Amino acid sequence: MRQKNEQLPRHVAIIMDGNGRWAKQHSLAVALGHRKGVETLREIVRYASDVGIEVLSLYAFSTENWRRSKPEVAALMALILEFFRSEIDELHANRVRIRILGDTDALPGLQRDAVHAAEQKTKDNDGLQLNIALNYGSRDEILRAVRALAQQVKNGNLQPEQIDAARFEALLYTAGQPDVDLLIRTSGEYRLSNFLLYQNAYAELMFPEVLWPDFTVQHFAQALADFGKRDRRYGGRAT
Ligand code: FPP
């Protein structure tokens, strides 16, 4: 477990990969891999909240995930609804604040209502900021921000030379939050898959081999400990 005084990342982002392979390994339907993945998610959220991580961002459903088979998309949507309905009270009691990253307009009505209700209910909480990326794509997010800035310029409310990082970041789903410090992708895949491309600019990257359903708080604690040993230079030289 973690030692006190280790440097803790403020913002951890996780690409929860490997549910499908886990299901295959256990000769189960892919939906059961995702269900097991939600159990892991629950444990990791609880742990992140307990150790005092400020922001945890989880990639639950990408803009590309709609291309999966209809039954798999339906299973994921059902799990998302179940999660928000069954966990919201405990999350709220633990002062977790939920924000959805992504275009929720395209979600089915029940899911959209459930996630908006969760955001609304928890909006004044001061504990862990839990970002759940749903129908999220980083390029979409960036293009939306660019379009909004272009509109402000067109309306005469902004000069192009006034466009700076702060104005741009204020238009991202993660507005007001720190950059990602640590990105973890499970299952031994080494890709970012359109997740928080701007926010990950200086993130430390970790790619544990373990499949997401097998990822435990011990793996997470190890990743946090390894992060504490990394030498972050942001383009400067080691001191
Ligand atoms: C990647 O595994 C995982 C996903 C595409 C979905 C992650 C979603 C959850 C863990 C549950 C739903 C979220 C909430 C908020 C309740 P994969 O299926 O791509 O794995 P594979 O590469 O082994 O096939």
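The values are calculated or read from the model by the stated rules, or taken from the named source; none is laboratory data. Please read these numbers as outputs of a predicted model, since none were measured by experiment. Neighbour counts are summed over all protein chains in view; Cβ atoms, including those assigned to glycine, are modelled from backbone coordinates with ideal geometry.
Among the residues of the range 186-204, those that are within 18 Å of R139 (Cβ to Cβ) and either of a type in the set (A, V, I, L, M) or within 10 Å of the ligand (Cβ to nearest atom) (or both) comprise L192, S193, L196, L197, A201, A203. Taking L91, is it more than 9 Å from the ligand (Cβ to nearest atom) and either touching an Asp or Glu at 6+ places or on another chain (Cβ under 8 Å) or outside any helix (DSSP H, G or I) (or both)? Considered against the rule, which asks whether it is more than 9 Å from the ligand (Cβ to nearest atom) and either touching an Asp or Glu at 6+ places or on another chain (Cβ under 8 Å) or outside any helix (DSSP H, G or I) (or both), L91 comes out as no.
Residue pairs whose Cβ atoms lie under 9 Å apart, separated by 6 or more positions or on different chains, with the first residue in the range 97-121 and over 25 Å from R67 (Cβ atoms) and at pLDDT 95 or above and the second assigned to a helix (DSSP H, G or I) and aromatic (F, W, Y), are I98/F84; A117/F84; A118/F84.
Being of a type in the set (F, W, Y), within 9 Å of the ligand (Cβ to nearest atom) and not in a helix (DSSP H, G or I) is true for just one of F61, F83. Which residue is that?
F61
Could you check, for the range 3-11, whether at least one of its residues is among the acidic types (D, E), at pLDDT 95 or above and either more than 13 Å from the ligand (Cβ to nearest atom) or closer than 28 Å to L143 by Cβ (or both)? No, every residue in the range 3-11 fails to be among the acidic types (D, E), at pLDDT 95 or above and either more than 13 Å from the ligand (Cβ to nearest atom) or closer than 28 Å to L143 by Cβ (or both). Of the strands (runs of 3 or more DSSP E) lying entirely inside the range 126-214, those containing at least 3 residues that are of a type outside the set (F, W, Y) and out of contact with any helix residue (DSSP H, G or I) (no Cβ under 8 Å at 6 or more places or on another chain) are 129-136.
The condition (being closer than 21 Å to E43 by Cβ and within 17 Å of the chain's Cα centre (by Cα)) is satisfied by just one residue among P178, P213: P213.
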